[in-house]
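First the structure, in the form of structure tokens, and then the observations on it.
The values are calculated or read from the model by the stated rules, or taken from the named source; none is laboratory data. A quick note: this is a predicted structure, and the numbers were derived from the prediction, not measured. Glycine also receives a Cβ, built like all others from the backbone with ideal geometry; neighbour counts cover every protein chain displayed.
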Amino acid sequence: MIDPLDQHVEPDSPTSVDGPVPLENAELDALQDAYLASDRGAERPWPPKPGVFVVIWPAYLLVGGIAAASPYLMARYVDDSIALPAIRFLLGTFVLGLTILLPMVRLSQRRSTDPIIEASMDAFSLLLPLQPLLWFMVVPPIAVRASRILAIDLHMAFWTMLVGAWVGLTLRHEHRRGTGADAIRRMCAMAGIVAAQTLGPLGVLVAISLGFDVPESSWMLSPCAGVLELASRPREPVSGEEWLGVGAVGLVAVGVWWTVLAERRSVLSGERHRDSSVDVA
């Protein structure tokens, strides 16, 4: 039996110079339904569903927004001494949800069917509803500089991509081995994520205490510390060092995802070729 998702040609079907004549849409749909009903289709359903955290994310944003807005409700007059700490608290809530709570939930779930694609779907599904809340801060009276919001937005997106790739590779290893959840491996992956949050700021603080001149871009080595640093001067333009730090994280994130997707494609191609050879035999 030939894999139904492979390009299918009947023995007597005509061919053109460029290759086989494509099947009709109805035939392709029937073949795809047959594939999804087979055992291999059941192992890799398409499209993969986003994680459960996508469902609770709006509630998380709502609770964080209420907590950040509570000083406005209790104060008779609102000035920057109340507004700016509330903004930093809200941004910190966002980035902790993306880079700590999301991987914690993903690593607590059962074995994933396509962890790489599901990680990218998680990042997109969580970052999209965040955009109105971020860019609303540009509007007066909050009046955060637009370049600051852009830098914060990109910094959170890049770190979400990195964390998602880390989680996806962890679960991908389990999927390739065909084993159940590896608790030790998952705990080590979560420990690495926590270390990425803490080791960078600790190193910067130690360097400052020793009298070294630390560039502003050093704070971008941590997702939460980088966002809080960018939000510390909300109405000033983003400095060149800060853009350099954000851009460096972005280059690493793009490079990691390029490698991850290329590895996934080669693995799937190998599995598909091997399965087709077995079916033909």
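The residue list T179, T160, T170 contains one member that is surrounded by 14 or more Cβ atoms within 10 Å (Cβ to Cβ) and modelled with pLDDT under 90, which is T170. As a summary of the residue check, Q197 satisfies the conditions (1) in contact (Cβ under 8 Å) with a residue 40 or more places away in the chain; (2) under 15 Å from the mean Cα position of the chain (by Cα) except for the one numbered (2). Among residues of region 229-240 that are in a loop (DSSP other than H, G, I, E, B), those with a beta-carbon under 6 Å from a residue that is aliphatic (A, V, I, L, M) and surrounded by 13 or more Cβ atoms within 10 Å (Cβ to Cβ) at least six positions away or on a different chain give the pairs A231/L91; P234/V144; V238/A151.
Among the residues of region 131-150, just one is buried (at least 19 other Cβ atoms within 10 Å of the Cβ) and either in contact with a Phe, Trp or Tyr (Cβ under 7 Å, 6 or more places away or on another chain) or modelled with pLDDT under 85 (or both), namely I149.
Could you list, in sequence order, the residues of region 94-124 that are of a type in the set (S, T, Y) and under 22 Å from Q197 (Cβ atoms)? Break it down into steps so the answer makes sense when it comes.
Initial filter on region 94-124 (of a type in the set (S, T, Y)): 99, 108, 112-113, 120.
Of everything in region 94-124, those that are of a type in the set (S, T, Y) and under 22 Å from Q197 (Cβ atoms) turn out to be T99, S108, S120.
Would you mention how many residues in region 94-124 are of a type outside the set (A, V, I, L, M), modelled with pLDDT of 85 or more and either surrounded by fewer than 18 Cβ atoms within 10 Å (Cβ to Cβ) or on the phi > 0 side of the Ramachandran plot (or both)? Residues that pass the stated criteria total 1.
Give me the helices (runs of 4 or more DSSP H) completely within region 109-221, filtered to those with at least 3 residues that are among the basic types (K, R), ordered by residue number. Spell out how you get there, then give the answer.
Details: elements: 115-127, 130-135, 146-177, 183-209.
Passing ranges, in order: 146-177.
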